[in-house]
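Worksheet: the structure to be examined is printed underneath.
Values quoted throughout were computed directly from the atomic coordinates according to the rules given, and no laboratory measurement underlies them. Please read all numbers here as calculations on a predicted model, not as lab measurements. Positions of Cβ are generated from backbone atoms using ideal geometry, with glycine treated the same way; all protein chains shown enter the neighbour counts.
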Amino acid sequence: MHAVLINPAKPGNVFWDNVSLIATTAAESLGIELTIKYAQHRFGVIDHIRAIANQPSKPDYVIFMYQKAHGLEALKILEQAKINSFLINTDIPEQEQPHVGKPRQYFKHWLGHSFPNNQQAGYQLSQWLLARAQQLELAPQLVAISGSRESSASAYCNQGLRESLQSEPMATLHQLVFAHWSYDKAKKQAKGLLARYPETNIVWAMGEDVAFGIIDAARETGRNVGNDLLIGSTVSTAAGLNAIQNGLMVGNIGPDIWEAGWALSLLADHFHGYDFGQQQTVFEYQLQLVTADNLQDFAHFIDQQFWQRFDFKSLTKRHNTSHQQYQLSAIELLRSERPLSYR
């Protein structure tokens, strides 16, 4: 079995580097030949898909993230090439859903789709930041630095943020900008926003690279991070949890760095005749709010040594005959009745 994971970021992105690392570990555990390709620019994902469809030796499966500008075209290309695909990380943009449908509805080789509820994630993060501001007796003055305009994850997270603020009439969102997941761009934007709106006491961030750019910008401009400036982000990695522990972030949303590895366990079942589609093809899950209060509950999910020991075969029906349902979110794994298996 040969699978390709198309990483939509450049190497060096904290979140996606972790996704690739855990996927590699999962492939080794499951006996899968895995190739990882990196998108070096905004057209990188669709360029890789065109190349894969045209190469003489085709993989059995392609795992990638749906992008608003090119997602539908990518599914059409893979369908024509008769290459099975699995989407991760983001939902289909609402306006494109009638044309895309569900897995196996219009595209029989699009086998499945997993994604977090990003709207709930954006809402939950905002609510926590507002609650922390209230505890510190701060009148909420926000700026937001999101991911990219092409990402449905960004769109849904932004929607959750705005819904949260509608129920908080005392809160002011001064501006929302897009950093395209870049530390450098977020740092530059944060400096500009904090200078333009010096009353800002909350920064809502999408992605940890973005959050760390904001943290460094705030420090360099003399802000007291964690006291007069509260920062929270989506995505949880080891670096993010350390930032919470050190008081640099008041919370973040996650973790979901294991999603590509989990998808490989479904595809391994499919390859060996155990079709997960008989149960379901769409897997939406809830991300969790991680704060100083529950930090230890999630620490092992972003620990690389944990995943190196983890036996991904235990997630498959082929190797686990008692396996009734596919566990998806981190909290489901944490609360699973069966113990986590190790190699």
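Between Arg149 and Arg42, how many nm apart are label points set 7 Å from Cα along the C-beta direction?
Here the answer is 0.7 nm between the modelled labels.
Helix-only estimate, please: 222 nm mean residue ellipticity of the chain, summing -39500 (n - 2.57) across DSSP H runs of length 4 or more and dividing by its residues, to the nearest 500.
Calculated from helices alone, the mean residue ellipticity at 222 nm is -12000 deg cm²/dmol.
For segment 102-199, give the magnitude of the charge dipole about the Cα centre (Cβ charges: +1 Lys/Arg, -1 Asp/Glu; no others), in debye to the nearest 20.
500
By the scheme Lys and Arg +1, Asp and Glu -1, what is the net charge of all other residues having a beta-carbon under 9 Å from that of Asp269?
With Lys, Arg at +1 and Asp, Glu at -1, the net is +1.
Can you run the Rg to Rh ratio on the chain? Use alpha carbon positions and the Kirkwood inverse-distance Rh.
0.98
Give me the extension gain from Gln308 to Ser57: residue separation times 0.36 nm, minus the current Cα-Cα distance, reported in nm with one decimal.
87.4 nm
Dipole magnitude of segment 118-254 about its Cα centre, charges +1 at Lys/Arg Cβ and -1 at Asp/Glu Cβ only, in debye to the nearest 20?
Result for segment 118-254 is approximately 220 debye, rounded to the nearest 20.
Work out how much length Tyr197 to Lys10 would gain on full extension: take 0.36 nm times their residue separation and subtract the Cα-Cα distance, in nm to one decimal.
64.2 nm
Can you tell which of Gln325, Ile83, Gly101 lies farthest toward the positive end of the dipole of the chain, using +1 and -1 charges on the Cβ of basic and acidic side chains (Lys, Arg; Asp, Glu)?
Ile83
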